[in-house]
Amino acid sequence: MSDTALGTITKIVKRNGNVVAYDRDRITTAIFKAAASVGGSDRAKAEELSSKVEQAVAGTYGKDSIPTVEDIQDLVEETLIEEGHAKTARAYILYRAKRADAREQRQLQGEFSDNIPYKKIYDTLRWNMDHGCETIEGINSIIEAGRYADLVHAVEKRYDEEVALGAEQMLERIPGVRIVIIAGPSSSGKTTTTIKASEKLASAGIKLKAINIDHYFFDLEMHPKDEFGDYDYETPQALDLELINQHLSQLLEGQTIKTPHYDFKTGKRTLDVHEMKIESNEIVLIDSLHGLYDAMTQSIPSEQKFRLYIETLGQVRTRDGIFMRWADNRLMRRMIRDSWHRNLQPLQTLTHWHYVRRSELRNIIPFIGSVDYVVNSAMPHELPIMKDKLFKYFPEAMEKYKDDAKRQDAYVRAKRVHDMLSDLTPVPDDGTIPEKSLLREFIGGSEYQY
């Protein structure tokens with residue numbers, strides 16, 4: 001945790017009323033990002049200004065005070081203006097206003113269509129508490145007591161039972177259901193979940209036949225690019241949605257289609273390559289990042305679709321009460337998998353993650369409210385393994401991107417994950433992880449073929 005000025009600020013009050021540990025670096029980063037938006041590039045100056053903000057807080061509210069987030073933001077604005085940084089102050093004020101407006105819009109939307117699976121989150125927290133793994137300290141205690149293998153067994157059993165229950169609900173809706181959509185954000189574990197659900201359906205004589213959505217990518221030169229010039233595979237607009245809908249309709253009418261073939265090495269697709277037909281005991285499977293995106297299956301009536309959503313709904317917190325973000329859990333999974341599956345260095349995945357998240361928030365999260373079933377793929381026992389495999393990269397990322405105005409997103413994520421994992425006991429031996437575990441999808445050694 002960052003040093004505090006004069007030892008006066010150690011806690012702050014968040015907007016939801018929770019009291020959490022104070023971190024000066026959050027102020028510094030906010031000021032630096034505001035300055036960068038108007039051409040600034042001096043993080044040292046941002047650090048100097050954040051120190052002045054702390055002094056202003058102490059002078060305004062007294063020693064050992066516990067200010068609110070809003071209190072600190074007010075004093076950031078005042079300090080920037082008083083110190084002669086009018087342009088940065090204006091950028092900060094505009095950014096703050098946009099964030100406030102976004103929060104208000106989320107609250108208004110929540111009154112009509114709340115797409116957060118609160119019951120699932122609550123059940124997850126209760127399960128974690130019952131098994132002593134709802135905190136970093138609890139997981140450490142389990143490892144110290146030699147009960148890590150017991151935790152692995154319990155978590156794997158919970159996940160397998162959830163997937164099996166989802167498959168049972170699919171069976172109950174047959175023959176009405178003609179398409180099963182298994183969707184979720186990056187590295188949530190869609191592939192393993194699909195395999196396990198398929199095994200359950202197969203035992204009832206039903207087969208899932210996948211239509212490979214990846215083959216429907218447009219040629220790479222037609223893909224949109226991000227601000228760094230990288231091609232964006234994360235957006236549904238990179239897919240030929242019209243052709244997907246045409247082929248789905250034809251399949252359900254009993255016709256034989258020929259799907260395209262996309263070559264990721266050349267970035268080119270060829271039309272009419274892979275022949276596909278649905279038999280009487282088969283259901284079309286869409287296993288896709290954007291399976292819930294309405295435009296992908298708009299030609300198919302809703303009652304003919306079963307939508308299963310998977311997400312790392314983890315409920316593990318630090319001693320300060322900070323919960324690990326679901327996206328950070330998935331980021332670590334992808335950092336590991338990319339390193340051996342796509343030959344990408346972990347820091348490359350970290351810097352790419354900003355538009356993965358942007359696409360998720362725009363094209364996946366808004367549709368959670370439309371799903372038929374939710375699977376939680378977060379596994380508390382994976383965190384000690386992630387710590388062992390990845391922790392060394394986060395200090396490197398923090399140092400590398402701290403002063404890079406264009407990479408502040410990567411810096412903030414690296415610091416947040418570093419702080420979350422810093423007190424966790426690592427587990428270097430993954431031998432206790434079953435060969436059919438979802439975690440094997442990311443760390444390797446799975447019995448399943450991916």
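In segment 289-303, the count of residues that are free of Cβ contacts under 8 Å to residues at least 24 places away in the same chain, under 32 Å from the mean Cα position of the chain (by Cα) and either outside any strand (DSSP E or B) or surrounded by fewer than 19 Cβ atoms within 10 Å (Cβ to Cβ) (or both) is one or more.
Residue count for segment 400-409 satisfying the condition of being part of a helix (DSSP H, G or I) and surrounded by fewer than 21 Cβ atoms within 10 Å (Cβ to Cβ): 6.
Apart from one condition, Ala397 fits all of (1) in a helix (DSSP H, G or I); (2) at pLDDT 95 or above; (3) in contact with a Ser or Thr (Cβ under 8 Å, 6 or more places away or on another chain); the exception is (3).
Which one is farthest from the chain's Cα centre (by Cα), of the residues in segment 358-378 that are farther than 17 Å from Arg325 by Cα and part of a loop (DSSP other than H, G, I, E, B)? Filtering segment 358-378 for residues that are farther than 17 Å from Arg325 by Cα and part of a loop (DSSP other than H, G, I, E, B), the one farthest from the chain's Cα centre (by Cα) comes out as Asp372.
Condition check ((1) in contact with a helix residue (DSSP H, G or I) (Cβ under 6 Å, 6 or more places away or on another chain); (2) farther than 20 Å from Ile310 by Cα) across all residues:
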site: Tyr373; (1), (2): yes, no
site: Tyr393; (1), (2): yes, yes
site: Asp403; (1), (2): yes, yes
site: Val427; (1), (2): yes, yes
site: Thr432; (1), (2): yes, yes
site: Glu435; (1), (2): no, yes
site: Glu441; (1), (2): yes, no
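Would segment 347-356 turn up any residue that is more than 23 Å from Val20 (Cβ to Cβ), buried (at least 21 other Cβ atoms within 10 Å of the Cβ) and without any contact (Cβ under 8 Å) to a residue 40 or more places away in the chain? Yes: one or more hits. Against the conditions (1) closer than 22 Å to Gln250 by Cα; (2) buried (at least 17 other Cβ atoms within 10 Å of the Cβ); (3) in contact with a helix residue (DSSP H, G or I) (Cβ under 9 Å, 6 or more places away or on another chain), Ser187 satisfies every one except (1). Tyr262 falls short on exactly one of the conditions (1) in contact with a Lys or Arg (Cβ under 6 Å, 6 or more places away or on another chain); (2) surrounded by fewer than 19 Cβ atoms within 10 Å (Cβ to Cβ), and that condition is (2).
Across segment 428-444, the qualifying residues are those that are of a type in the set (A, V, I, L, M, F, W, C) and assigned to a loop (DSSP other than H, G, I, E, B), and the one among them that is surrounded by the most Cβ atoms within 10 Å (Cβ to Cβ) is Leu438. In a residue-by-residue description of segment 299-316, the property of being more than 30 Å from Asn212 (Cβ to Cβ) and assigned by TED's automatic domain parsing to the domain that holds Gly138 applies to at least one position. Identify the residue in segment 135-152 that is more than 15 Å from Met379 (Cβ to Cβ) and of a type in the set (Asp, Glu) and, among all such residues, is surrounded by the most Cβ atoms within 10 Å (Cβ to Cβ). Only one residue tops the list, namely Glu137.
Inside segment 322-348, can you point out the residues that are within 20 Å of Tyr450 (Cα to Cα) and in a helix (DSSP H, G or I)?
Pass one, segment 322-348, residues within 20 Å of Tyr450 (Cα to Cα): 330-344.
Listed by number, the residues that qualify are Arg330, Leu331, Met332, Arg333, Arg334, Met335, Ile336, Arg337, Asp338, Ser339, Trp340, His341.
Please tell me if Val417 is touching a helix residue (DSSP H, G or I) at 6+ places or on another chain (Cβ under 7 Å), among the hydrophobic types (A, V, I, L, M, F, W, C) and either outside the structural domain of Asp42 (by TED's automatic domain parsing) or buried (at least 22 other Cβ atoms within 10 Å of the Cβ) (or both). The answer is yes for Val417. A search for C-beta distances below 9 Å between a residue of segment 168-191 that is charged (D, E, K, R) and any residue that is buried (at least 24 other Cβ atoms within 10 Å of the Cβ) and assigned to a loop (DSSP other than H, G, I, E, B), counting only pairs 6+ apart in sequence or on different chains, returns Lys190/Gly184; Lys190/Leu289; Lys190/Gly291; Lys190/Ser377.
The set of residues in segment 244-272 that are touching a strand residue (DSSP E or B) at 6+ places or on another chain (Cβ under 6 Å), touching a residue at least 24 places away in the same chain (Cβ under 8 Å) and assigned to a strand (DSSP E or B) comprises Thr259, Pro260, His261, Tyr262, Arg269.
The values are calculated or read from the model by the stated rules, or taken from the named source; none is laboratory data. Quick caveat: nothing in here was measured; it's all calculated off a predicted structure. FYI the Cβ positions are ideal-geometry reconstructions off the backbone, even for glycines, and counts take in every protein chain you see.
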